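> Here's a structure for you.
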Amino acid sequence: MKHDRILLDHGSGGRASHELIASLFLPQFDNEFLREMNDSAVMTIGGTKLAFSTDSYVVDPIFFPGGDIGSLAIHGTVNDLAMRGARPLYLSVGFIIEEGFSMADLKAIAGSMKNAAAEAGVVIATGDTKVVPKGATDKVFINTAGIGIIDPDVNISGQNARPGDKIILSGTIADHGITILTCREGLQFDAPLKSDSSPLNTLVAEMLAASRKINVLRDPTRGGLGTSLNEIAGQSRVGIRVHEETIPVRPEVQAACELLGIDPLYLANEGKLIACAAAQDAGKLIDIMHKNPYGQGACIIGEVISDHPGKVFMKTIIGGNRIVDMLTGEPLPRIC
Amino acid sequence: MKHLDEYRDPHLAGKLIDKIKALSHRPVRLMEVCGTHTVSIFRSGIRSLLPPSITLLSGPGCPVCVTATEEIDKFIKLGQQKDTIVATFGDLVRVPGSSSSLQKERADGADIRVVYSTFDALDIARRNPSRTVVFLAVGFETTAPTIAAAVKEAKKEGINNFYILPAHKIIPPAMEALLAGGELAIDGFICPGHVSVIIGADAYRPVADKYHIPCVVAGFEPVDILQTIYMLLSQIEEGKAIVEIQYRRAVNFTGNEKALALLSEVFETCDAPWRGLGTIPDSGLRLRNNYRALDIETRFDLTVPKAQDHPGCSCGDILRGVKTPLDCVLYRQVCTPSNPYGPCMVSTEGTCAAYYKYHD
């Protein structure tokens with residue numbers, strides 16, 4: 001069944017989003033930056049290597065345990081810049097606000113953005129505000145864009161994974177996705193769930209100071225770890241093998257996922273990164289990451305292989321083998 | 001995660017695999033009836049660990065997949081009614097009907113909302129007194145009791161804008177229909193865990209006795225499934241065909257009395273259409289007279305033209321276990337999770353989706 005309308009799936013961050021970009025946007029806007037399909041574009045202007053990125057935030061609910069739409073909007077763009085090895089410097093912020101939205105909530109969001117920007121060491125240098133009639137949007141949408149500087153000898157891209165690289169994950173997966181899902185649906189669990197939304201630029205800076213053999217960085221946001229690994233495998237034309245037992249999931253997150261029949265591999269993370277790095281530097285990187293508040297759970301979850309380019313395999317906990325595919329559609333609880 | 005770790009213990013799993021290998025003297029075909037089992041088997045890589053003599057077949061255990069196209073067409077027609085909110089479990093929105101899907105209808109402006117329980121739909125009805133709210137009552141015996149409870153609550157509270165569109169299916173008649181069809185050669189059933197929590201393992205005795213088929217009710221963790229396979233192999237080896245429970249931590253032989261009483265108060269069995277299996281007598285649930293007014297079909301005429309499945313779609317054969325997705329000409333060629341031609345590629349518990357997602 002061909003689609004003649006935009007469906008929610010097209011914004012899932014999974015396969016449908018990729019197909020929409022590849023089939024509709026890329027042919028229209030085609031250029032060398034977009035073709036790379038990275039978290040941000042890298043360009044050299046006046047001899048300086050810059051990273052440039054934008055993202056829009058439409059999260060529901062707008063306030064959630066561990067953050068809100070404002071801090072998320074700062075962290076998201078800061079992290080997208082950091083995933084190219086950039087030092088984020090300046091952000092723009094665009095608000096689309098629904099008529100009737102609470103002034104107190106808007107103030108709280110702006111305050112949260114101020115704090116998030118201060119922690120990440122970035123300046124909100126320009127902005128824009130639009131108010132639309134009630135019902136024309138859902139409460140508030142925020143767009144952020146940002147620029148940052150990359151050291152000349154840093155070359156990090158989704159296309160650079162090499163066979164033999166170790167795959168490093170900075171901590172537990174699915175915290176943000178399951179928190180949002182359970183908040184949105186009003187589901188209650190005994191153990192509190194909390195988003196991992198956080199800025200990763202200092203973590204990346206410390207990693208780069210320790211090693212220049214980091215080939216890929218990616219924050220596994222919408223679509224989750226499973227989709228991000230597939231993106232890297234596709235962009236770099238390599239295979240990836242991960243080991244299920246090494247992928248950290250908090251017990252409370254695992255329990256909520258089990259109950260809902262949702263695979264944590266496909267839930268969003270907003271404060272985690274994946275790195276593909278040369279095997280000889282992997283141990284050193286893990287040690288450095290453990291010293292940063294946002295890398296304390298860092299571990300090696302697998303390796304890049306030369307077989308089966310474009311595919312991701314998992315060695316399961318009981319020793320079986322299976323494919324890890326991209327997310328298809330939004331993760332939904334099972335009926336049965 | 002104490003309650004899960006022991007059922008994912010690699011050491012225990014390894015021991016069971018060794019025992020299974022030691023018992024595998026001849027080709028054996030086992031069918032898992034439940035879609036959650038299908039997914040669990042793929043997710044844990046169990047197929048890659050079994051000896052080649054054991055074939056695992058996926059049966060009609062995905063509630064979305066067995067929903068007939070004519071029922072999907074009815075859902076779509078319902079979504080097109082003015083001032084109607086359709087509340088549904090998630091997977092259903094993507095299943096193609098004859099010419100549309102609930103997802104496409106939603107993009108065209110229909111008010112279709114994904115809910116996590118029937119009580120969420122009831123809340124929508126409370127908050128929208130001027131709209132008609134209809135819950136699409138799809139699923140097996142697992143979900144039917146909560147739907148019965150919501151129906152009972154709606155009647156008790158006098159919520160007069162809440163309805164359901166019953167499309168429930170019950171599992172044991174489908175297992176019997178599969179065997180009665182004669183085209184399926186299987187040596188044992190891996191019986192569904194969630195359904196059995198409600199109906200109890202005794203519900204499979206008629207099937208086991210009449211067709212001399214071993215039945216074991218299984219849990220959903222890798223060790224549960226491996227132990228179930230071992231229990232089935234043991235029965236086959238000893239020439240037995242009895243009903244056993246591996247999933248003892250959740251299932252007994254007589255079922256959940258309270259849930260069964262609720263089901264029986266609100267619903268009665270009726271003939272129901274199954275995708276791939278046709279109409280099976282007494283395999284569906286409809287509201288009893290006392291609650292019949294909450295069936296939306298008493299208010300709207302939802303008659304639809306004879307449904308058209310996509311030519312070439314093998315979902316029906318796959319649900320009967322006579323084909324695997326790899327035998328379907330559409331699989332991976334044109335039918336993919338983002339462009340599904342049939343429900344088995346849509347549902348997270350569908351066989352084609354599981355093959356696509358996990359099969360090398």
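The values are calculated or read from the model by the stated rules, or taken from the named source; none is laboratory data. This one's a predicted model, so the numbers in the text were calculated from it and none came from an experiment. We place every Cβ from the backbone using ideal geometry, glycine too, and count neighbours over all the protein chains shown. The accessibility values were calculated without ligands, DNA or RNA, using every heavy atom of the protein model including side chains. Shrake-Rupley method; radii C 1.70, N 1.55, O 1.52, S 1.80 Å.
> Looking for something more than 30 Å from residue A:231 (Cβ to Cβ), of a type outside the set (Gly, Ala, Ser) and assigned to a loop (DSSP other than H, G, I, E, B) - is there at least one such residue anywhere in segment A:119-135?
Yes, segment A:119-135 contains at least one residue that is more than 30 Å from residue A:231 (Cβ to Cβ), of a type outside the set (Gly, Ala, Ser) and assigned to a loop (DSSP other than H, G, I, E, B).
> To continue, here is another question. Within segment B:55-79, can you find the residues that are more than 14 Å from chain A (Cβ to nearest Cβ) and within 13 Å of residue B:41 (Cβ to Cβ)?
Within segment B:55-79, B:55, B:57 qualify.
> Kindly indicate the residue of segment B:20-53 that is part of a loop (DSSP other than H, G, I, E, B) and in contact with a Gly (Cβ under 6 Å, 6 or more places away or on another chain) and also farthest from the other protein chains (Cβ to nearest Cβ) among those meeting that condition.
So the residue we want is B:33.
> Considering each residue of segment B:184-201, count those that are within 14 Å of chain A (Cβ to nearest Cβ) and part of a strand (DSSP E or B), and give that number.
Total meeting the criteria: 1.
> Mind listing whichever residues of segment B:272-312 are under 22 Å from residue B:32 (Cβ atoms) and touching a Phe, Trp or Tyr at 6+ places or on another chain (Cβ under 6 Å)?
Across segment B:272-312, the qualifying residue is only B:280.
> Could I ask something else about it? Within segment B:289-307, restricting attention to residues that are within 26 Å of the chain's Cα centre (by Cα) and of a type in the set (D, E, K, R), which residue is farthest from residue B:101 (Cα to Cα)?
B:292
> Of all residues in segment A:304-323, how many are open to solvent by less than 10 Å² (accessible area, probe 1.4 Å) and more than 8 Å from chain B (Cβ to nearest Cβ)?
2
> Here are the criteria: (1) in contact (Cβ under 8 Å) with a residue 12 or more places away in the chain; (2) within 21 Å of the chain's Cα centre (by Cα); (3) more than 12 Å from every other protein chain (Cβ to nearest Cβ). Tell me which single one residue A:284 does not satisfy.
(2)
> Which residue out of B:312, B:321 is on the phi > 0 side of the Ramachandran plot, crowded, with 20+ Cβ neighbours inside 10 Å and not basic (Lys, Arg)?
B:321
> Between residues in segment B:291-303 that are within 16 Å of residue B:70 (Cβ to Cβ) and touching a residue at least 40 places away in the same chain (Cβ under 8 Å) and residues that are open to solvent by less than 70 Å² (accessible area, probe 1.4 Å) and not aliphatic (A, V, I, L, M), which pairs lie under 8 Å by C-beta distance while being six or more apart or on different chains?
These pairs meet every condition: B:296/B:132; B:296/B:163; B:300/B:81; B:302/B:74; B:302/B:77.
> In segment B:165-177, how many residues are within 17 Å of residue B:264 (Cα to Cα) and either buried (at least 24 other Cβ atoms within 10 Å of the Cβ) or touching a Lys or Arg at 6+ places or on another chain (Cβ under 9 Å) (or both)?
5
> So, in segment A:255-280, exactly how many residues are part of a helix (DSSP H, G or I) and either within 29 Å of residue A:207 (Cα to Cα) or aromatic (Phe, Trp, Tyr) (or both)?
5
> I would also like to ask the following. What residue, among those in segment B:88-130 that are of a type in the set (S, T, N, Q) and more than 11 Å from every other protein chain (Cβ to nearest Cβ), is least open to solvent (accessible area, probe 1.4 Å)?
Among residues in segment B:88-130 that are of a type in the set (S, T, N, Q) and more than 11 Å from every other protein chain (Cβ to nearest Cβ), the one least open to solvent (accessible area, probe 1.4 Å) is B:118.
> Then there is this: Go through segment B:202-266 and tell me which helices (runs of 4 or more DSSP H), entirely inside it, have 3 or more residues that are in contact (Cβ under 8 Å) with a residue 40 or more places away in the chain, open to solvent by 10 Å² or more (accessible area, probe 1.4 Å) and closer than 17 Å to residue B:142 by Cβ.
Fully inside segment B:202-266 and qualifying: B:257-266.
> A further question follows. Could you please find all residues in segment A:1-38 being farther than 23 Å from residue A:217 by Cβ and loosely packed, with under 14 Cβ neighbours inside 10 Å?
A:2, A:4, A:5, A:6, A:23, A:24, A:25, A:27, A:28, A:29, A:30
> Go through (1) out of contact with any Asp or Glu (no Cβ under 9 Å at 6 or more places or on another chain); (2) under 19 Å from residue B:62 (Cβ atoms) one by one and return the number of the condition residue B:198 breaks.
In the conditions (1) out of contact with any Asp or Glu (no Cβ under 9 Å at 6 or more places or on another chain); (2) under 19 Å from residue B:62 (Cβ atoms), residue B:198 misses (1) alone.
> Just give me the residues in segment B:157-216 being at positive phi and within 18 Å of the chain's Cα centre (by Cα), in sequence order.
Once the filter is applied, which keeps residues that are at positive phi and within 18 Å of the chain's Cα centre (by Cα), segment B:157-216 yields only B:200.
> Still on this structure, please answer the following. Would you point out which residue out of B:346, B:322 is within 21 Å of the chain's Cα centre (by Cα), of a type in the set (Val, Ile, Thr) and within 29 Å of residue B:267 (Cα to Cα)?
It is B:346.
> Same structure, new question: Here are A:191, A:125, A:145: which of them is of a type in the set (Gly, Ala, Ser) and open to solvent by 60 Å² or more (accessible area, probe 1.4 Å)?
Within the list A:191, A:125, A:145, the selection yields A:125.
> Going through A:204, A:249 one at a time, which residue ends up being of a type in the set (A, V, I, L, M), crowded, with 24+ Cβ neighbours inside 10 Å and in contact with a helix residue (DSSP H, G or I) (Cβ under 6 Å, 6 or more places away or on another chain)?
Of the residues listed, the single one that is of a type in the set (A, V, I, L, M), crowded, with 24+ Cβ neighbours inside 10 Å and in contact with a helix residue (DSSP H, G or I) (Cβ under 6 Å, 6 or more places away or on another chain) is A:204.
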